[in-house]
1. Kindly report the accessible area of region 1-94 per residue (heavy atoms of protein chains, probe 1.4 Å, no ligands, DNA or RNA), in Å².
2. Just to confirm a number: summing +1 for Lys and Arg and -1 for Asp and Glu over residues other than residue 119 whose beta-carbon lies under 14 angstrom from that of residue 119, what do you get?
3. If you line up the long axis of helix 153-163 against the longest principal axis of the chain, both from Cα atoms, how many degrees apart are they, to the nearest 10?
4. How large a share of the accessible area of the chain, in percent, is made up of carbon and sulfur atoms when the probe is 1.4 Å and the other protein chains stay in place?
5. Give the residues of region 159-196 whose amide nitrogen is closer than 18 Å to a point set 7 Å from the Cα of residue 213 in the direction of its Cβ.
6. Taking H as built 1.01 Å from N, whose amide H comes closer than 5 Å to the amide H of residue 12, not counting residues under 5 places away?
7. Mind pulling the angle between the C-alpha long axis of helix 58-70 and the longest principal axis of the chain? Nearest 10 degrees, somewhere in 0 to 90.
8. So what's the angle, to the nearest 10 degrees on a 0 to 90 scale, between helix 21-34 and the longest Cα principal axis of the chain?
Amino acid sequence: MEHHTSLQAVAFDLDGTLYPNGALYVRLIPFITRHFRLLQAMGKAREALRQRGKVDRFYETQAQLMASYLEEEPQKVYERTERLIYRGWEPLFKHIRPFPYVRETLVAFKKGGLKLGLLSDFPPVQKLQYLGLYDYFDVILCSEEVGALKPDPFPFQILAERLGCSPQQILYVGNSVAYDVRGAQRAGFSSALIDRRWWGFPRSCRAQFIFRDYRQLRSYVLR
């Protein structure tokens, strides 16, 4: 199959894009209830970090912000966040499966000569391994590790560099208008939005393509 002549790569968000968020959230309810204050502090810290743009020593800065909200020592918050949030989800994730037709779509894109990338706001490698998708990607990037969260264009620019493509040659696929579509477009990527709702698409979305089923994305990219 041929693909859009301008496209050289397709890149993806992970959470809610390659697998259904809801399947994980249901399993996380007891965890969320137990660690609500820590998760709330992390959410506040990350919103503050999104306003800052690129920061050095991302994880330490995040822990400092969380500690200020929690009125605790930053090092203890750092260690607790690593243990409970960055690693605590793993036993629950082992039963999560990708959306239907994700694997077939990735295979088709590779056969079509496209490079595949992944950019996530949370560490993606272990999740991809549990999903059985790790080996399909040429580049896997965590925005925390480069120091800026989506929708800042910086992690997208790093992704383009590592893929060896210009931003105009990359389609970025995500499930968030605010973070994925907006961030991709700020960096000069084209964008596609997975939206599995039945009641219409968000008015604010300016993605080039909106789809519910990965077979639709495959048909859109490949000719």
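The values are calculated or read from the model by the stated rules, or taken from the named source; none is laboratory data. What you see is a predicted model, and the numbers here were worked out from it, not measured in a lab. A quick note on method: Cβ atoms are made from the backbone with ideal geometry, for glycine too, and the neighbour counts reach across all protein chains shown. All accessible areas refer to the heavy atoms of the entire protein, side chains included, with ligands and DNA or RNA removed. Shrake-Rupley method; radii C 1.70, N 1.55, O 1.52, S 1.80 Å.
1. 57 Å²
2. Working: positive: 115, 127, 150, 162, 182, 186; negative: 13, 15, 121, 138, 144, 145, 152, 161, 180.
Local charge sum for residue 119: -3.
3. Helix 153-163 and the main axis of the chain meet at about 50 degrees.
4. Details: 5620 of 11210 Å².
In the chain, the share of accessible area belonging to carbon and sulfur is 50 percent.
5. 193-196
6. 117, 118, 119, 173
7. On a 0 to 90 degree scale, this one is about 50.
8. 0 degrees
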